[in-house]
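The values are calculated or read from the model by the stated rules, or taken from the named source; none is laboratory data. Computed from a prediction, not measured in an experiment: that's the story for all the values here. Positions of Cβ are generated from backbone atoms using ideal geometry, with glycine treated the same way; all protein chains shown enter the neighbour counts.
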Amino acid sequence: LASQELEALRARIDELEDDQVKQFTKFEELPLTKGTLKGLKESSYVTMTDIQRDTIHLALKGHDLLGAAKTGSGKTLAFLIPVIEKLIHENWNEFDGVGALIISPTRELAMQIYEVLLKIGKYSSFSAGLVIGGKDYSFEKDRIGKMNILIGTPGRLLQHMDQSATLNLDNLQMLVLDEADRILDLGFKKTLDDIVCNLPPERQTLLFSATQTKSVQDLARLSLVSPKYVNTSSDA
Ligand code: ADP
Ligand code: MG
């Protein structure tokens, strides 16, 4: 990204006010890079959902956040857009290693995230990979060293962190915990704690969940720094 273009985007992000963003309806109103806007448009993503409108600008500003919104409300784009934008802003390249780590409860959900990422990230040059088991371990191990964005399930990720010298997370810019309530329901609390505690503390962390349970709050306390809280499912 040309430095002038980046400066202009950064200025627009800094100026964004919550009140102003509340009036936004379309992705193109947000200060996003041209490539991402094109990827969104070509994937027929035009109008933002509530959780997308309420969280993306906060994530672009660099805040940690906890976003709660019911299943089907569009949480995937709420984190994938900030992940892609962050790496573009940082001029991330193939030699910088893993810049973003996305943790998902199941293989199926991880694969869905990966597919959306390929679509909307079509015009950015990042490599992305799945770390979900199922494929043979050494195949994953050889590939993860070259990835910029990793999407994985907790057990398999921790296994690689413990055993694969190829997995270097020292440069990590962003951590996403997706469907956090489900990750915890599946019994991954300890695994998740072990992963989070071994990541660079300077990173930005986005935590998304369908529900806000006590255990999700505990996880938020462990993994987020001065977070913004967004809850679009409070219609109860
Ligand atoms: P959640 O993670 O909150 O359960 P998803 O991110 O899986 O929700 O999105 C649910 C469905 O809504 C998906 O089929 C997705 O393609 C679609 N979707 C998400 N955001 C938008 C949008 N802004 N415009 C149109 N469809 C969207
Ligand atoms: Mg989801």
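Results for (1) within 15 Å of ligand 1 (Cβ to nearest atom); (2) within 29 Å of residue 11 (Cβ to Cβ), shown as yes or no for each residue.
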| site | (1), (2) |
| --- | --- |
| 63 | no, yes |
| 83 | yes, yes |
| 103 | yes, no |
| 119 | yes, yes |
Residue list for the stretch 54-108, restricted to those being charged (D, E, K, R), crowded, with 17+ Cβ neighbours inside 10 Å and in contact with a Gly (Cβ under 8 Å, 6 or more places away or on another chain): 54, 75, 86
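Would you point out which residue out of 189, 119, 228, 141 is basic (Lys, Arg), surrounded by fewer than 20 Cβ atoms within 10 Å (Cβ to Cβ), touching a residue at least 24 places away in the same chain (Cβ under 8 Å) and touching a strand residue (DSSP E or B) at 6+ places or on another chain (Cβ under 8 Å)? Outline the logic, then answer.
Working: 189 fails: touching a strand residue (DSSP E or B) at 6+ places or on another chain (Cβ under 8 Å); 119 fails: touching a strand residue (DSSP E or B) at 6+ places or on another chain (Cβ under 8 Å); 141 fails: touching a strand residue (DSSP E or B) at 6+ places or on another chain (Cβ under 8 Å).
On inspection, the qualifying residue turns out to be 228.
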Checked the stretch 205-221 for anything touching a Pro at 6+ places or on another chain (Cβ under 8 Å) and within 16 Å of ligand 2 (Cβ to nearest atom); matches are 206, 207
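Test residue 73 against the stated conditions and say whether it is within 11 Å of ligand 2 (Cβ to nearest atom), closer than 23 Å to residue 201 by Cα and at pLDDT 95 or above. I'd like the intermediate steps shown before the answer.
Details: within 11 Å of ligand 2 (Cβ to nearest atom): yes; closer than 23 Å to residue 201 by Cα: no; at pLDDT 95 or above: yes.
In short, no.
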Which residue, of 230, 216, is in a helix (DSSP H, G or I) and within 16 Å of ligand 1 (Cβ to nearest atom)? 216
Can you run down the residue pairs with Cβ atoms below 7 Å, 6 or more apart or on separate chains, where the first is in the stretch 45-67 and farther than 17 Å from residue 180 by Cα and in contact (Cβ under 8 Å) with a residue 40 or more places away in the chain and the partner is buried (at least 20 other Cβ atoms within 10 Å of the Cβ) and among the acidic types (Asp, Glu)? 60/85
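Residues are listed down the side, and each one gets a yes or a no for (1) in contact with a Phe, Trp or Tyr (Cβ under 9 Å, 6 or more places away or on another chain); (2) within 17 Å of residue 203 (Cβ to Cβ); (3) more than 16 Å from ligand 1 (Cβ to nearest atom):
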site	(1), (2), (3)
7	no, no, yes
24	no, no, no
47	yes, no, no
56	yes, no, no
Of these, 228, 214, which one is of a type outside the set (Val, Ile, Thr) and in contact with a His (Cβ under 7 Å, 6 or more places away or on another chain)? 228
Within the stretch 20-40, does at least one residue satisfy the condition of being touching a Lys or Arg at 6+ places or on another chain (Cβ under 7 Å), more than 16 Å from ligand 2 (Cβ to nearest atom) and in contact (Cβ under 8 Å) with a residue 40 or more places away in the chain? yes
Out of the residues in the stretch 165-181 meeting the condition of being surrounded by fewer than 18 Cβ atoms within 10 Å (Cβ to Cβ) and touching a residue at least 12 places away in the same chain (Cβ under 8 Å), tell me which one is nearest to the chain's Cα centre (by Cα). 171
In this structure, is residue 90 out of contact with any helix residue (DSSP H, G or I) (no Cβ under 9 Å at 6 or more places or on another chain) and charged (D, E, K, R)? no
Examine the stretch 144-160 for a residue that is more than 16 Å from ligand 1 (Cβ to nearest atom) and within 19 Å of residue 1 (Cβ to Cβ), and state whether such a residue exists. yes
Just to check your reading of the model, which residue among 11, 78, 68 is closer than 27 Å to residue 168 by Cα and among the small types (Gly, Ala, Ser)? 78
